[in-house]
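Here the structure comes first, spelled out in structure tokens, and everything after it is commentary.
Throughout, read-outs are computed from the coordinates displayed, never taken from laboratory work. Fair warning: this is a prediction, and the values are worked out from it, not measured in the lab. Here the Cβ positions follow ideal geometry from the backbone for every residue, glycine too, while neighbour counts run over all protein chains shown.
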């Protein structure tokens, strides 16, 4: 065969291979790794499930670990999106872009059999620091108060410490749980327990108490009269690009906002 024709055939074959690779790559699936807050996790899972239904070529892995883990992982590039249920410190913000999904209340939860119904922030501080140790001191029965708290790195713990504890420390004997759901289960099973959980995760099997006479609700969180609240955040390193940007744009858009509202993530009133 003429060498000229051989060269042409080889060139055509090479072009076809390149075109084939382009088609294969354009049809390949993308993977987005979302890591962080256990309070944000159920909301992120709901968002990802709905998004994937209309974007079957995108795989989204959602994991917990805590807000601290979410901030660290996205900063180090081991996750595509970090999630946080606490405001970031100045040094944590470096190199990151924040997307505020909305506000979440921190609910002080007690057992449904507990008669207590309304506590001030000062009373909460005294309870969790160990100055108040019996329910009868605050309108309950004559029984010791069993404290339930969260692990270090939890955004819920960070917000509770800032909003309630101030310079005081939570009593060292408090039982430490690693998720909102674990705190709820502890409170549900113990008539004398008290803990703090995400408003988005509240259910009828535990009792929310008023704080300073104000019940936690979508309305009181939106208008700011319920003081115990914090943001739910998505975090990316630098600027969001590609499939990550497409997913975040969808989350912040009409369809994503509807899901956030259904999940009790509240937009603050202007």
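Quick notes on this structure:
- Mean residue ellipticity, 222 nm, helices only, the chain: the sum of -39500 (n - 2.57) across DSSP H runs of n ≥ 4, divided by residue count and rounded to 500, is -11000 deg cm²/dmol.
- Principal axis dimensions, largest first and in whole angstrom, of the chain by Cα: 102, 34, 34
- Candidates 235, 88, 157: whichever shows maximal mean-square fluctuation once the chain is modelled as a Gaussian network with Cα springs under 10 Å: 88
- Global geometry of the stretch 105-229, whether rounded, prolate or oblate, following the gyration tensor of its Cα atoms and the 1.5 cut on a/c: rounded
- Compared with the dominant Cα axis of the chain, that is its longest principal axis, helix 180-189 is turned about 30°.
- The alpha-carbon atoms of the stretch 50-95, seen along their principal axes, cover 37, 18, 15 angstrom, with the largest extent given first.
- A simple spin-label model places the labels of residue 257 and residue 59 3.3 nm from each other, with each point 7 Å out along Cα-to-Cβ.
- Inter-centroid distance (Cα atoms) of the stretch 33-48 relative to the stretch 123-190, Å: 24
- Largest first and in whole Å, the equivalent-ellipsoid semi-axes of the stretch 202-270 read 30, 13, 12, each the square root of five times a Cα gyration tensor eigenvalue.
- Rough spin-label spacing in nm, given labels placed 7 Å along Cα→Cβ, for residue 121 and residue 141: 3.2
- Label-point separation, residue 169 to residue 97 (7 Å along Cα→Cβ), nm: 4.1
- Rounded to 5, the percent of DSSP beta bridges in the chain classed as antiparallel: 55
- Acute angle (nearest 10 degrees) that the helix 67-76 long axis makes with the longest principal axis of the chain, alpha-carbon atoms: 30
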